Amino acid sequence: MPGAGLHADGYTGRARMVVDEDHGCLLGVTFVGPGVEELIHSATVAVAGQVPVSRLWHAVPCFPSISEVWLRLLEGYQRVVTDDRSDDVRRSRGAEAGREQAPIRKERSNEHELA
């Protein structure tokens, strides 16, 4: 991620968010790595304020900076949701054919490496 490279040469870290699918809000966010303190306040506001993930797309982070991780997390979440929708279609087709359906998840998690 370009912003992490500006933070420090050879920077590595991890970020993870968990989304409540019923309400579309963050349940929690974890950041691990040097300098993540600049990310903690925005995560606290998003979680405590129950900000919908769809609205977080409009909170554009400063570029280039480590806060770009928010975009990577949201992009990853969007891919997971899109993939799961495809899986839901396959499961519903399987149910129509008499195969057993998997239980529906109520929350989703997305993780991104900071490097």
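Under 5 Å between amide hydrogens, built in the peptide plane, is the criterion, and for Leu27 it picks out Val18, Val19, Asp20 among residues at least 5 positions away or on other chains.
When peptides 25-31, 78-84 are ranked by their average number of other Cβ atoms within 10 Å per residue, the highest-first order is 25-31, 78-84.
Read the figures in this text as sums done on the coordinates, not as results from a lab. Please read these numbers as outputs of a predicted model, since none were measured by experiment. Note that each Cβ is placed from the backbone with ideal geometry, even for glycine, and that neighbours are counted across all protein chains shown.
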